[in-house]
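A short reminder: the numbers here are calculations on the coordinates, not readings from a lab. As the structure is a prediction and not an experimental result, all values here were calculated from the model. Glycine gets a Cβ as well: all are built from the backbone with ideal geometry, and neighbour counts include every protein chain shown.
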Amino acid sequence: MAKKIKQGEKLPRFKLQNQDGEIIDSQDLLGKKYILFFYPRDSSPSCTKEACSLRDDYKKLQKKSYDVFGVSPDSMKKHQNFIEKFSLPFDLLVDQDLKFTKACGLYGKKQFMGKEIMGVFRSTLLIDEKGFVEVMIEKVITKEHGKQVLELIP
């Protein structure tokens, strides 16, 4: 497994489908700032709180010149349902084979309800115009995540 990406490092290139099947390519995002939040599963309680918090602060994040993308192993259909159910204004990217998540070192053994499981490490990356990690948030406060991100924007 790849080592966990760190602040100051270049983000691995990605080409992932969004909920509508459109390809989002990191090369096309050069020159723009964006937020990537990695989360385990659409519609789970914690993931829903996190996504809804980012939704609630989305306009403020855009005013700071950031776009937002969620990344999870869920399918396009699950992403579509999640967006529809909670009126999410941003794209959710499909990483079903976990290739990109693993390239960032954000998948591995973790504790969940007292058991060791393999899963996505809930993390958020703020990416600068050149494709480098400006800020990495590993201790995500799900219900306050939008505010947490806003406070950490350089």
Which order results if S72, S26 are arranged by neighbouring Cβ count within 10 Å, fewest first? S26, S72
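For region 81-154, divide the Cα radius of gyration by the Kirkwood radius and give the resulting Rg/Rh value with two decimals.
0.98
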Can you give me the pair-distance distribution of the chain, C-alpha pairs, 5 Å bins, whole percents? 2, 10, 20, 24, 24, 16, 5, 1, 0
Expected sort for Y39, Y58, Y34 with the fewest Cβ neighbours (10 Å cutoff) up front is Y58, Y34, Y39
Students often get this wrong, so check it: of K32/K64; K110/K143; K10/K130; K32/K78, which have C-alpha atoms separated by over 19 Å? K110/K143; K32/K78
Give K3/K77; K4/K59; K49/K115 a once-over and call out the pairs whose C-alpha atoms are over 25 Å from each other. K3/K77; K4/K59
